[in-house]
Amino acid sequence: MIRNYFKIAWRNLWKKKIYTSINILGLGIGMACCLLIAMYVQDELSYDKYHTNTDRIYRVVHAETYGEDLKNTAPPAPGEFAVWGNAPVGPALRADFPEIEEVVQFSGRADILLKHGDKNFQEEGIFFADATVFDLFSWKFIAGNPKTALEDPYSIVLPESTAKKYFGEENPIGKTLEGSSAPGRANAGSYRVTGVIEDIPENSHFNFPALLSMNTFRKSREDIFDMWGYVDFYTYLLVSENFNIEAFEKKIPDFITRRRGVSPDSKYTIALEPLSDVYLKSEAGRQPGDTGSLPNIYIFSLIGLFILAIACINFMNLSTARSLERAREVGIRKTVGAARKNLIFQFLSESVLIVTFAAFLALLFVFIALPFVTDLTGKSFRGVDLFNWQSALVYLCIIFGLGLISGIYPAMVLSGFKPALILKGISNTRTKGAELRKGLVIFQFSLSIILIIGTCIVFTQMGYLLDKDLGFDREQMLVIDYNYDGRVNNKIETLKTTFNNLPEISSVAAARSVPGSYFPNAGTTIESQEGTMALNVPAIYEVDVDFIPHFDLELVAGRAYSRDFPVDTIQSLVINEAAARLYGYNNPDDIIGKRFQQWGREGKVIGIVKDFNYLSLHQNIEPLTLRLAPSECRYLILKVTTSDLPATIAKIKDVWTRTVPHRPFLYKFLDEDFNRQYQADFRFRKLFTIFSCLAIFIACLGLFGLASYTAEQRTKEIGIRKVLGASVTNVVMLLSKDFIKLVVIAIVIASPLAWYAMTRWLEDFAYRIELQWWMFALAGIAAITIALLTVSGQSLKAATANPVKSLRTE
Amino acid sequence: MIKITDLEKFYRTEEVQTVALNKLSFDVKEGEFVAVMGPSGCGKSTLLNILGLLDDPDGGSFIFNGIEVSGFNERKRANLRKHNIGFVFQSFNLIDELTVFENVELPLIYTGVKAADRKERVHEVLEKMQIMHRKNHFPQQLSGGQQQRVAVARAVVNNPKLILADEPTGNLDSSNGNEVMDLLTELNQQGTTIVMVTHSEHDAKFSHRIIRMLDGQKVTENILV
Ligand SMILES: Nc1ncnc2c1ncn2[C@@H]1O[C@H](COP(=O)(O)OP(=O)(O)OP(=O)(O)O)[C@@H](O)[C@H]1O
Ligand SMILES: [Mg+2]
């Protein structure tokens, strides 16, 4: 019997090729989208789950409040914590709590020049790590002993790809790599390779080109490891099986008081984050690697469902729209003995058959799309992951699930026909479910229009991010990274003069931080309005004397650093408006001349720069101090004024290699680097756009199908109208009107929903566009145009057909 | 075999109510061949639909094989129908997507006959209807007479006790029509009860008894044999 059903289903589908291909194509695309999104989501959810001890690993996050914030007694919000913190907290936790079985600490990210023979690269994001690191994290060893690999000073453990990069096919164990100094952490030295591990899986919340032994760090800066106020460490804990986080958190205040003591100037606390939440749920600042976005997972899962819903609706609508065609068959089958359940079963097997074809098509699409998806998401998915029995099982469930969902309604409608009526040849009654069908089309288009409006707004916001005046000059700024190299800093004046003499370069400055790059915070005391000294910990940019004019920063009070004032090198401080406000000065002029202390320097505040967006536009401008410290610099920034960039870069490189030949010439452009902060946003935009296009495409496929059926069903009516003198335009209007009405209703429904959703999305940006009515209008017009194009083709075909012919066929 | 008493059927459209059957009563005995005649719109097809359990009466009683069936739900009716009743229509009503063989096979599928038995039975019937050579053709590739022979084959393949025919010759020329009438007569002689609606006095002569209707009521009965 089942075989018979499938045979008939197959013939039916083959006979109605347009209908079948619309359904299969729509469902195929829908399922492919869902599959890809599912792969993406699954990957996002899999972060850090591969460690044997994942459930028992926690991360310490730190929060410290100062100044005005001390009056606020509420515990710090999740966003006020930072992952980066002090060193002593780790060993203290281990010593005080038996439920904490092991601790591993990493240093902050270090960029170090590694050298082996003629291979010389600056490796970014290296960590110093405790020898216990491999007790917590299950990174697999290829060679070396995990217990002892990071024991001795100047030991280094390399992931396989780094090992290959320096040593090729040689066995690296026991060989050495020359490491440059890691300023503030370790002196230059020869690192002995003590271990090679498999590359860190991509689904890890942080990654590194090498691990160095913490004892290297400890050897050169022993003092730091007892300083509760020195921030340069990430602390991870391995807890016992029966660890209870709530009970533990109650003990934290006592622990802090006991170990660190209390200070009138600041309040310090810690919290724990389970490793499995770190990638997606941590809101803490100063992360050791990239974080994911939980909202994006929700958004894309929702979009996946939208697309699938749209495709399923196509199926339902086209099947019920065809009900007249099938009615006679239903009648005949019933007279020869079919029970309703037989017919329901028959129609369901048709939908399962369609979904099965769609599923294969979806697999094909996924394979075609995989390389692009890898490109788009930065994740590398492998097609083979789709072929295992779990996937096959899921796939089978999806096929039957979807077949059932999309097939059950048409099956109920079609099988419910009364044979007595049908066999009498009643064929011009309205087809069943016309109202519902309209409702579903409205639903489809509402979803599509929400996505179109969303796309429109995402594009506008991203454009705004790129075009907004950030308050500093970021055009054609070439940034050379020499990584605090003392030998470069010694020659910095020579370099600056030489570069300034090049006609293609209009200005040169040096700094430790540039907008978009790393910067530290510094405990800074400034005299308040009342004459007391107030401590806060604002961000700090260490800059040279040319930095402020070079970036065209606007002064709102006082003056910039100047070579004419020798005191500037040790006794002056320039801050931004936000910092002035932080210390209680709403009028920037009032803070000029006030006393300050910062990192062992004392003197007077001499200037206030207008707030500029040194952080991404997701964030507000935070208090910033610009400290004159030319010898602490890391970057040399050149303002290039030529259009022939390659030639100029070659020239610059030439000067560089002649002046400081030991230091590789590494450069980037400031605007590109700054915009790299929006990489995730751009990715979001791309994916969002693609999915929106697919959604509207599938919705239009359905509309096309419906339009052609309507046109077909109304051929007789059209013929009569034409005989009576209706023009082609009249007829096209007649046929298109109904559909356009539905799209207009969809616009009305979609607009407020999109408005709500996009307002929420924009909240993630401190600087954002205002939603404008024209964005909605534009999306609406786009939807109507697309719908009109889809429908009018079919209408036109019907309208231009010879009426005599169409009348004769009836 | 069939006993209807005071059978009523109404059709309600927006404003008017049509009385299609008005307290109609008659019996059909097992093995009888009955023709129903009457002007267009008098309720013949409505009657046949009710007799065939395709439709439910609005009033009165319908006893089929000793069981009161008015008020049966669809599932029960379908079940009774598939084992006992075969249909032949004026417009053949074959499924265009299925071959001759598959069309005839259909009732057997719904009664759950095994594939091998089905094949045998279908061949037997097609043989009898002299349409075997066309078994893999689709209905649209056949002439009207051939299509009606397939329809008759489909109606009898299950060995139903009752065959209901609604103007079986209406779409056929006289020679094809006679062929179909001969088939029905032969079936009747083998014991099948037949109720046939017709407009043709010629066809009606093949039956044992003619029931004449007007406006949903029986007016006369002529017994021919
Ligand atoms: N679905 C329906 N809705 C409303 N009225 C109906 C419906 N079906 C039949 N009728 C009415 O019921 C009456 C009987 O119809 P029926 O089809 O039984 O006539 P008939 O005797 O078979 O006619 P013909 O010889 O033309 O086939 C007619 O007046 C018809 O208009
Ligand atoms: Mg009739």
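The values are calculated or read from the model by the stated rules, or taken from the named source; none is laboratory data. Since we're looking at a predicted model, the values are computed, not measured. Glycine gets a Cβ as well: all are built from the backbone with ideal geometry, and neighbour counts include every protein chain shown.
Checking the structure you have, find out if any residue of region A:18-36 is in a helix (DSSP H, G or I) and within 14 Å of chain B (Cβ to nearest Cβ).
yes
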The number of residues in region B:77-122 that are at pLDDT below 90, more than 16 Å from ligand 1 (Cβ to nearest atom) and among the aromatic types (Phe, Trp, Tyr) is 1
Regarding B:Asn136, is this residue among the polar types (S, T, N, Q), more than 16 Å from ligand 1 (Cβ to nearest atom) and within 14 Å of B:Val100 (Cα to Cα)? yes
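Condition (residue is of a type in the set (Asp, Glu), modelled with pLDDT under 90 and away from ligand 2 (no atom under 16 Å from the Cβ)) applied to region B:65-76: is it met by at least one residue? So that I can check it myself, show each step before the final result.
In the first step, residues of region B:65-76 are kept if they are of a type in the set (Asp, Glu); the result is B:68, B:74.
Applying the additional criterion that residues be modelled with pLDDT under 90 yields B:74.
Okay, now just the ones that are also away from ligand 2 (no atom under 16 Å from the Cβ), so B:74.
For region B:65-76, residues of a type in the set (Asp, Glu), modelled with pLDDT under 90 and away from ligand 2 (no atom under 16 Å from the Cβ): present.
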Would you be able to tell me the number of residues in region A:166-212 that are among the hydrophobic types (A, V, I, L, M, F, W, C) and more than 22 Å from A:Pro288 (Cα to Cα)? 5
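Matching residues to (1) modelled with pLDDT of 95 or more; (2) under 19 Å from A:Gly79 (Cβ atoms); (3) touching a Phe, Trp or Tyr at 6+ places or on another chain (Cβ under 6 Å); (4) exposed (fewer than 15 other Cβ atoms within 10 Å of the Cβ):
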position: A:Ser266; (1), (2), (3), (4): no, yes, yes, no
position: A:Leu272; (1), (2), (3), (4): yes, yes, yes, no
position: A:Leu275; (1), (2), (3), (4): yes, no, no, no
position: A:Pro295; (1), (2), (3), (4): no, yes, no, yes
position: A:Phe300; (1), (2), (3), (4): no, no, no, no
position: A:Ile303; (1), (2), (3), (4): no, no, yes, no
position: A:Ile307; (1), (2), (3), (4): no, no, no, no
position: A:Ala311; (1), (2), (3), (4): no, no, no, no
Within region B:1-15, which residues are surrounded by 19 or more Cβ atoms within 10 Å (Cβ to Cβ), hydrophobic (A, V, I, L, M, F, W, C) and within 13 Å of ligand 1 (Cβ to nearest atom)? B:Leu7
Residues of region B:89-102 being more than 9 Å from chain A (Cβ to nearest Cβ) and touching an Asp or Glu at 6+ places or on another chain (Cβ under 7 Å), which ones? B:Gln90
Failed condition for B:Thr18, given (1) away from ligand 2 (no atom under 16 Å from the Cβ); (2) assigned to a strand (DSSP E or B); (3) surrounded by fewer than 18 Cβ atoms within 10 Å (Cβ to Cβ), with all others met? (1)
Scanning region A:1-15 for residues that are facing chain B (nearest Cβ under 8 Å) and within 47 Å of the chain's Cα centre (by Cα), the one surrounded by the fewest Cβ atoms within 10 Å (Cβ to Cβ) turns out to be A:Lys15
Which residue, of B:Thr198, B:Thr185, B:Thr192, is within 13 Å of the chain's Cα centre (by Cα), more than 13 Å from ligand 1 (Cβ to nearest atom) and either at pLDDT 95 or above or at negative phi (or both)? B:Thr192
Scan region B:51-79 residue by residue and report those that are among the aliphatic types (A, V, I, L, M), facing chain A (nearest Cβ under 10 Å) and on the phi < 0 side of the Ramachandran plot. B:Leu54, B:Ala78
Somewhere in region A:411-422, is a residue at pLDDT 85 or above, more than 14 Å from chain B (Cβ to nearest Cβ) and not in a loop (DSSP other than H, G, I, E, B)? yes
Hey, among the residues in region B:31-64 that are among the β-branched types (Val, Ile, Thr) and in a helix (DSSP H, G or I), which one's farthest from ligand 2 (Cβ to nearest atom)? B:Ile50
Being buried (at least 20 other Cβ atoms within 10 Å of the Cβ), part of a helix (DSSP H, G or I), more than 8 Å from every other protein chain (Cβ to nearest Cβ) and without any contact (Cβ under 8 Å) to a residue 24 or more places away in the chain, is that true of even one residue in region B:103-113? no
Kindly check whether there is at least one residue in region A:448-469 that is in a helix (DSSP H, G or I) and modelled with pLDDT under 90. no
Report whether or not B:Lys128 is surrounded by fewer than 18 Cβ atoms within 10 Å (Cβ to Cβ), at pLDDT below 90, more than 16 Å from ligand 1 (Cβ to nearest atom) and not acidic (Asp, Glu). yes
Residues being more than 13 Å from ligand 1 (Cβ to nearest atom) and either modelled with pLDDT of 90 or more or polar (S, T, N, Q) (or both) - total across region B:46-64: 6
Selection status of A:Thr216, at pLDDT 95 or above, buried (at least 22 other Cβ atoms within 10 Å of the Cβ), in the same structural domain as A:Ile112 (by TED's automatic domain parsing) and in contact with a helix residue (DSSP H, G or I) (Cβ under 6 Å, 6 or more places away or on another chain): no
With the checklist (1) assigned to a strand (DSSP E or B); (2) more than 16 Å from ligand 2 (Cβ to nearest atom); (3) in contact with a Pro (Cβ under 6 Å, 6 or more places away or on another chain) in hand, flag the one item B:Phe10 doesn't pass. (3)
Within region B:22-45, which residues are within 16 Å of ligand 1 (Cβ to nearest atom), away from every other protein chain (no Cβ under 14 Å), out of contact with any helix residue (DSSP H, G or I) (no Cβ under 6 Å at 6 or more places or on another chain) and not aliphatic (A, V, I, L, M)? B:Asn22, B:Lys23, B:Phe26, B:Pro39, B:Cys42
Quick one: in region B:65-76, of everything that is out of contact with any helix residue (DSSP H, G or I) (no Cβ under 9 Å at 6 or more places or on another chain) and more than 21 Å from B:Asn158 (Cβ to Cβ), which residue is farthest from ligand 1 (Cβ to nearest atom)? B:Glu68
Among the candidates A:Phe400, A:Phe372, which residue alone is in a helix (DSSP H, G or I), more than 14 Å from chain B (Cβ to nearest Cβ) and in contact (Cβ under 8 Å) with a residue 12 or more places away in the chain? A:Phe400
Meets criteria (hydroxyl-bearing (Ser, Thr, Tyr) and assigned by TED's automatic domain parsing to the domain that holds A:Asp130) for A:Ser276: yes
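Residue by residue, here is whether (1) within 14 Å of another protein chain (Cβ to nearest Cβ); (2) among the hydrophobic types (A, V, I, L, M, F, W, C); (3) buried (at least 18 other Cβ atoms within 10 Å of the Cβ) holds:
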site	(1), (2), (3)
A:Val336	yes, yes, yes
A:Phe347	yes, yes, yes
A:Ala362	no, yes, yes
A:Leu376	no, yes, no
A:Phe387	no, yes, no
Only residues in region B:30-44 that are without any contact (Cβ under 8 Å) to a residue 40 or more places away in the chain count as the first member; pair them with residues that are of a type in the set (Gly, Ala, Ser) and near ligand 1 (Cβ under 6 Å from one of its atoms), Cβ under 9 angstrom, at least 6 apart or cross-chain, and list the lot. B:Gly41/B:Ala20
